[in-house]
Amino acid sequence: IRDLVRSRGLGDVYKRQIYNSPTLMSWASNFVRFGSLLFVLPLVLTAYSELEQSLWFLTSTIIGFAMLADSGFGSVLVRAVAYFNAGSETIPKTKEEYDNHKEIENASPNIPKLIDLLTTSNRIYLFLGLLVIIMLLTAGIAFVWNIMKLSGHRFDFWLAFALLIPYCYFTILTVKWSSFVRGLNYVAMEARLNTVLNLSLIHISEPTRPY
């Protein structure tokens, strides 16, 4: 009995270590994110017509282009949040500034700098989100017009494109909050949440035919 209890205790310890491991949770998140195509694509090829497949590939491409609007802001935001969370007053801009950066004596988070950073990033990502919406309402319509014309301007096709606009907008905003959480050293929690969300998206995007 003691051995059984001890083995169960060790099992719980290992589970907690895996659950709270930033590396393992990041691997799981990346696997689900990039592996979703492997799960969904075979279903798309078997359940959809050629025209519907074209729309699916086109919307996936548009989502990829929309994410380019971030242009690396997410990585910069993670770095800035990490510095201010460690108590730094400034962020080194060059290698020389990094080498000459004084050791932080006060390890408590620099709350005023974090608030200023959040305010600035809110403006930046609001602008990026609005830019994506404008691009989708102009170049995006021209991009999908040929498929819409070939489909006879099907209602469900236009509905899918309309839903794509807020999806891209909120995806851009998600990058901001995800970067902020990672910068605050909650990497495992952010990766777990991304894993759950991506699994939900795979389930939602699973092709079904009502006829």
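At GLN17 and THR138, where each label point lies 7 Å from the Cα along Cα→Cβ, what is the point-to-point distance in nanometres?
5.5 nm
Share of region 107-182's accessible area from carbon and sulfur, percent, 1.4 Å?
It is 75 percent, rounded to a whole number.
Distance in nm between label sites at THR120 and LEU199, each 7 Å beyond Cα in the beta-carbon direction?
So the two model labels end up 3.8 nm from each other.
The values are calculated or read from the model by the stated rules, or taken from the named source; none is laboratory data. Note that the structure is predicted; figures quoted are calculated from it, not measured. Quick reminder, even Gly has a Cβ in these numbers, built from the backbone with ideal geometry, and neighbours come from all protein chains shown. All accessible areas refer to the heavy atoms of the entire protein, side chains included, with ligands and DNA or RNA removed. Shrake-Rupley method; radii C 1.70, N 1.55, O 1.52, S 1.80 Å.
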